[in-house]
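The values are calculated or read from the model by the stated rules, or taken from the named source; none is laboratory data. Because the structure is predicted, anything quoted here is derived from the model rather than measured. Glycine also receives a Cβ, built like all others from the backbone with ideal geometry; neighbour counts cover every protein chain displayed. Ligands, DNA and RNA are stripped out before the accessible areas are found, and what is left, the full protein with its side chains, is counted by its heavy atoms. Shrake-Rupley method; radii C 1.70, N 1.55, O 1.52, S 1.80 Å.
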Amino acid sequence: MTRYNAPFEIHVHGDVPLREDVVYAQIQDALKPLWQYAGARSLAAAAESAYEDEPGIRFDAATHVLQMCWTVPGGEEFRQVIEETCMALNDIAAAGAPLEVSFYDTEYDEEDDAAEDEARDDFMMCFVGPTPAAIMQVQRDLLVQDVIHVMERHFDSSELGEVVAAVDKLFTLRFDALVNSMQLGKPPRGHGGPSGHGGPRKPRHLH
């Protein structure tokens with residue numbers, strides 16, 4: 001990690017199921033934007049996170065899942081890096097998966113009572129998958145989970161069927177547009193997965 005005085009600590013978190021025929025060399029090539037950004041010459045050299053309590057970047061050969069809980073110092077240009085990484089992961093992914101990317105302001109001190117500026121923390125969700133339809137399926141599942149989470153504060157979950165149906169209708173329209181324009185197959189309607197959305201200064205992932 002050679003980037004000193006970086007404005008952010010950037011945390012990448014998520015599990016990506018990979019095809020069973022994928023080998024380590026393909027993973028290293030797909031993640032090249034990440035390990036080059038970290039100033040390393042290989043994935044192995046950059047796989048360790050900036051924090052010891054984070055497992056970093058690992059490939060579970062038994063389950064064929066790429067696991068990322070990895071922090072690197074950097075700046076806004078990392079957004080382009082993670083986009084390039086996601087594009088490369090699409091080619092080796094077995095299913096759709098979300099990646100959480102958190103930007104923590106390194107100059108902000110929560111305990112400084114005199115501080116007038118708010119933290120420049122930011123958070124973005126990225127998605128990877130073997131097809132646009134698979135990616136959209138994950139987006140749909142996360143949105144349903146988020147909507148239900150918010151509305152359950154006011155309504156019983158049994159009352160939210162029409163809300164979920166409305167979300168499904170919106171995504172069906174988008175699926176149809178994809179099918180018509182690119183001849184892609186529709187994915188099945190799924191069930192909401194765990195959401196990674198959160199506000200500024202959300203806790204780091206600890207394992």
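The percentage of C-alpha pairs in region 1-150 whose separation is greater than 27 Å is 26%. Where Lys and Arg each count +1 and Asp and Glu each count -1, what net charge lies around Met87 among other residues with Cβ under 15 Å from its Cβ? Once positives and negatives cancel, what remains is -2.
Scoring 146-159, 29-42 by mean Cβ neighbours within 10 Å over their residues and listing the highest first yields 29-42, 146-159. Extension gain, Arg41 to Ala165, is 39.8 nm, computed as 0.36 nm per intervening residue step minus the present C-alpha separation. Close amide H partners of Phe59, meaning residues 5 or more places away or on another chain with modelled amide H under 5 Å apart, are Gln67. In this structure region 22-155 gives 51 Å² per residue of accessible area when probed at 1.4 Å with all protein chains present. Rounded to the nearest whole Hz, the Karplus-based 3J(HN,Hα) values (6.51 cos²θ - 1.76 cosθ + 1.60, θ = phi - 60°) of region 5-10 follow the sequence 6, 6, x, 9, 9, 10, with x at glycine and proline. Listed values for region 120-126 are Karplus-derived 3J(HN,Hα) couplings in whole Hz (6.51 cos²θ - 1.76 cosθ + 1.60, θ = phi - 60°), namely 8, 4, 9, 8, 9, 9, 10, and x replaces Gly and Pro.
Between Asp29 and Arg79, residue separation times 0.36 nm minus the direct Cα-Cα distance comes to 16.1 nm. Computed from the C-beta positions of Phe123 and Asp21, the FRET efficiency with R₀ = 25 Å rounds to 0.15.
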